[in-house]
Amino acid sequence: MTQMFDVREGLEHARADREAAWRFVRDFTHAWVEPLTDGDGFTVEDLAAAEERLGVSLPTTLGQMYRLLGRRRDLTSNHDQLLHPDQLYIDARREALVFREENQGACSWGVLLKDLDQADPGVHVLSDLADRQAQRWEPWMERLSWMAVEMVLAESLHAPQHLSDFL
């Protein structure tokens, strides 16, 4: 399972651009968990149905992430949850497209609607506050592809393969 792959070195390269991020995800999964396969992602048709339902176009990177690893719960949904394409939604204030939720509802991650035309937009987080008026979409990561790398690493720590002894 653990072949020679230097995570630290891989991360240095993964920050370069989204292709480098996807290369890191492929290399990491190959070395540390189960390698990605063609059936691990959602189809173009799944994503097109989500776009039609929502009335927006998904950013290129979000579509790539879903097609690459969207069905891999061990990489996307052990702790927090990557929403399936048919669960994607626009928040109540109509400010962001939400694609990920914290496991106890404490926050959601999304892309601001004004940024949907960017290929690799920044990701914002909305904390679930008691004072709803105080809620704001706050910057989380500068690029969606970089957030995908963080998600894969974080969710892998909670996977049944026991990459961590946190339990």
Q. How large is the dipole of the chain about the Cα centre if only Lys and Arg carry +1 and Asp and Glu carry -1, each at its Cβ, rounded to the nearest 20 debye?
A. 180 debye
Q: Kindly write out, for the range 98-104 in residue order, the coupling ³J(HN,Hα) from the Karplus curve 6.51 cos²θ - 1.76 cosθ + 1.60 (θ = phi - 60°), rounded to whole Hz, with x marking Gly and Pro.
A: 8, 10, 8, 10, 5, 5, 10
Q: Could you grab the relative contact order for the range 58-167? Cα pairs under 8 Å, six or more apart, rounded to a whole percent.
A: 26 percent
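Residues of the chain: accessible area per residue at 1.4 Å, in Å²?
53 Å²
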Q | Portion, in percent, of the accessible area of the chain that falls on carbon or sulfur, probe 1.4 Å | A | 49 percent
Q | Ranked packing of 37-46, 70-79, most packed first, by mean Cβ within 10 Å | A | 70-79, 37-46
Q) So, counting K/R as plus one and D/E as minus one, what does the shell of residues with Cβ under 13 Å around H79 add up to? A) -4
Q) Angle, helix 60-69 long axis vs. longest principal axis of the chain, Cα atoms, 0 to 90°, nearest 10? A) 50 degrees
Q: Please sort 80-86, 23-29, 62-68, 10-16 by packing, taking for each peptide the average over its residues of neighbouring beta carbons within 10 angstrom, highest first.
A: 62-68, 23-29, 80-86, 10-16
Q) Farthest toward the dipole's positive end in the range 1-49, which of H30, F5, A49, given Cβ charges of +1 (Lys, Arg) and -1 (Asp, Glu) about the Cα centre? A) F5
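The values are calculated or read from the model by the stated rules, or taken from the named source; none is laboratory data. Bear in mind that the values here come from a model prediction, so they are computed numbers and not experimental data. Counting neighbours? That spans all protein chains shown, and the Cβs are built from the backbone with ideal geometry, glycine included. Surface accessibility is based on the protein's heavy atoms, side chains included, excluding ligands, DNA and RNA. Shrake-Rupley method; radii C 1.70, N 1.55, O 1.52, S 1.80 Å.
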